[in-house]
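Enquirer: Shown below is the structure under consideration.
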Amino acid sequence: MESITGTNPTDIDHLWWQTGIIYQIYPRSFQDTNGDGIGDLKGVVQRLDYLQWLGIDCVWLSPIYPSPMADFGYDISDYQGIHPLFGTMEDFDELLEQVHSRGMKLILDLVPNHTSDQHPWFLESRSSRDNPKRDWYIWHDAGENGALPNNWLSVFGGHAWEWDETTQQYYYHAFLKQQPDLNWRNPEVQQAMMDVMHFWLKKGVDGFRVDVMWHMIKDARLRNNPVAANTPFVASDLIYEYHDPVYSTDQPEVHEIVRMMRQVTNEYDERVLIGEIYLPIHKLVTYYGADKSGAHLPFNFQLLTLPWDSQQIARAIDEYEGALPADGWPNWVLGNHDQPRVASRVGRSQARVAAMLLLTLRGTPTIYYGDEICMRDVPIPQDEVVDPQGLNMPDRNVSRDPSRTPMQWDPDTNAGFTDSKPWLRLPYSYQRQNVALQKEDPDSMLSFYRSLINLRKRQPAFQTGKFTPVYSDKQLIAFIRENDEDRFLVVLNLSHRPAYLRPKNETYKGEIIISTETERIGLRVDNNLLLSGDEGLIVRLER
Ligand code: GLC
């Protein structure tokens, strides 16, 4: 990493979504209160004190709307209701009030790219070719001999076009055939979704995480996607990665839609628009839009998608810091409900290093529920798999169930999540790995997370201070966070072997304030730093 000076000014006021920490709850798996084995809104209320104790500022809920649950709520059949599995609108209002009364924020998942095939809009659209809502979805004639309109593939495997017998046309679905894509070129669709946003914002919801933002507009001419340059080795050419989705995603016109959404949020005080976007950094940052016209936070998934390699990660941090627009606020994500859990990706021994990285980098961190107690992916027997991605591609080990298992609260039956059979099984180890035990243990992952979160909240240098890369090699990443008052050195060993930081031109003297090796806390550092394998530490530098 080259030594460059951090650029962000520290003298401007920052908003809650810049200084705060976001926590993603997968509601099915957080806390069941009505004994059906599935988490619910009352359960979230019950656990708010825990989140406040942990130091969370904002809760993001994965979808809680009415849905046939073909994709566990990402197939919405009513954008302005609550699924009875999760509770009622009164429960939601109570949750919102309880969150706000603790000084916290609540953001919802908005899934505007597609609806459920059971949504009244789609039922109308598919009822006849001249239905007024026909053009709300992407319909196309068959080619010669019934050929598909083009070669686009579904993210969940197979072709992305489904034939409709009644009206003799195909419709497009980027995900399941039960998730038809809306036609965002139609102004009525645009208006309908802006109305949905107003509905929730008027209620007081603090913003949205927008599902698959980069998918929302497709090539007007529906051109074929090219075969990927580095075609992955896949058993079938009907696997999504076989193509480069250059015509089915990330179209220039998408920014116009994002701008509309931003304008809606701008009508309310301090609401946030977050975009789910899996793209390389140079494309990702275009979603900030020119002059703050795009998303406040296009989710940055580099820590999720890159190999756990110090040099690659250091490079990505540099590239991201360099590519951000002048007024673009950074953010970092370590886990979500679509990816293997961090402790399963990088291993338990590195999970603390990963947490330290997430919580000391410049920009808003998002924590996935359970990562704070080092939950790992739970192996799910084939006959218990429920995730459609796993069911559709059984040989690829891509089911997302393992990272969506119930929160492990305590050593009691079903980890305190439910008193009946949980919708996904728990790991055998939950009696050892749970919130209750870790709360009591100063050396636990939970205590470690809490001390990092507390540090971030207490020290503006971490929330809003400058970021300056110091050093990286095959094992280490080191950087400085500072403001006018304080200066901290963060050193992370991403390898299992001892590593040595031997600065050449600078001297680093100070006191270790947090370390994965708790015994080192309070010890002084005099320039040369030795790190054990898997160690990360933070030094408060003398000025
Ligand atoms: C997003 C969601 C994922 C869902 C998909 C389709 O990627 O995070 O869970 O399956 O969109 O809505």
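The values are calculated or read from the model by the stated rules, or taken from the named source; none is laboratory data. Just so it is clear, the structure is predicted and the values come from calculations on it, not from any experiment. Cβ sites come from the backbone with ideal geometry, for glycine too, and all protein chains shown count toward neighbours.
Enquirer: Picking from Ala142, Ala147, Ala160, which residue would you name as being surrounded by fewer than 14 Cβ atoms within 10 Å (Cβ to Cβ) and hydrophobic (A, V, I, L, M, F, W, C)?
Expert: Ala147
Enquirer: Checking Ala192 against (1) within 16 Å of the ligand (Cβ to nearest atom); (2) assigned to a helix (DSSP H, G or I), only one condition comes out false. Which one?
Expert: (1)
Enquirer: Okay, moving on. Looking at (1) of a type in the set (Val, Ile, Thr); (2) touching a Lys or Arg at 6+ places or on another chain (Cβ under 7 Å); (3) under 21 Å from Pro252 (Cα atoms), which is the only condition Val189 fails?
Expert: The number of the failed condition is (2).
Enquirer: Checking Glu124 against (1) buried (at least 22 other Cβ atoms within 10 Å of the Cβ); (2) of a type in the set (Asp, Glu); (3) in a helix (DSSP H, G or I), only one condition comes out false. Which one?
Expert: Tallying (1) buried (at least 22 other Cβ atoms within 10 Å of the Cβ); (2) of a type in the set (Asp, Glu); (3) in a helix (DSSP H, G or I), Glu124 fails exactly one: (1).
Enquirer: Additional query: Go through the residues of the stretch 179-187 one by one and say whether even a single one is outside any strand (DSSP E or B) and within 14 Å of the ligand (Cβ to nearest atom).
Expert: Yes, some residue in the stretch 179-187 is outside any strand (DSSP E or B) and within 14 Å of the ligand (Cβ to nearest atom).
Enquirer: Would you pick out the residues in the stretch 66-97 that are within 12 Å of the ligand (Cβ to nearest atom) and touching a Gly at 6+ places or on another chain (Cβ under 7 Å)? So that I can check it myself, show each step before the final result.
Expert: Residues of the stretch 66-97 within 12 Å of the ligand (Cβ to nearest atom): 67, 69-76.
Residue satisfying the conditions is Ser67 alone.
Enquirer: Follow-up. Give the residues of the stretch 111-140 that are away from the ligand (no atom under 16 Å from the Cβ) and polar (S, T, N, Q), sorted by residue number.
Expert: Selection gives Ser125, Ser127, Ser128, Asn131.
Enquirer: Need a quick list: helices (runs of 4 or more DSSP H) entirely within the stretch 323-415 having at least 2 residues that are more than 16 Å from the ligand (Cβ to nearest atom), at pLDDT 95 or above and surrounded by 20 or more Cβ atoms within 10 Å (Cβ to Cβ).
Expert: Answer list for the stretch 323-415: 342-345, 348-360.
Enquirer: Condition first: assigned to a loop (DSSP other than H, G, I, E, B), over 26 Å from Ile82 (Cα atoms) and within 16 Å of the ligand (Cβ to nearest atom). Can you find one or more residues in the stretch 159-168 that meet it?
Expert: Within the stretch 159-168, one or more residues are assigned to a loop (DSSP other than H, G, I, E, B), over 26 Å from Ile82 (Cα atoms) and within 16 Å of the ligand (Cβ to nearest atom).
Enquirer: Would the stretch 388-398 turn up any residue that is within 25 Å of Trp60 (Cα to Cα) and in contact (Cβ under 8 Å) with a residue 60 or more places away in the chain?
Expert: Looking only at the stretch 388-398, we keep the residues that are within 25 Å of Trp60 (Cα to Cα), and these are 388-390, 398.
Checking the rest, the ones that are also in contact (Cβ under 8 Å) with a residue 60 or more places away in the chain come to 388-389.
Yes, the conditions are met somewhere in the stretch 388-398.
Enquirer: For Ala295, are the conditions met, namely being in a loop (DSSP other than H, G, I, E, B) and in contact with a helix residue (DSSP H, G or I) (Cβ under 6 Å, 6 or more places away or on another chain)?
Expert: Yes: the conditions hold for Ala295.
Enquirer: Any idea which of Tyr508, Tyr500 is surrounded by 12 or more Cβ atoms within 10 Å (Cβ to Cβ), more than 32 Å from the chain's Cα centre (by Cα) and at pLDDT below 95? Outline the logic, then answer.
Expert: Working: Tyr500 fails: at pLDDT below 95.
None of the other options fit; the residue is Tyr508.
Enquirer: Could you tell me which of the residues Glu241, Glu256 is in contact with a Pro (Cβ under 7 Å, 6 or more places away or on another chain) and either surrounded by 14 or more Cβ atoms within 10 Å (Cβ to Cβ) or assigned to a helix (DSSP H, G or I) (or both)?
Expert: Glu241
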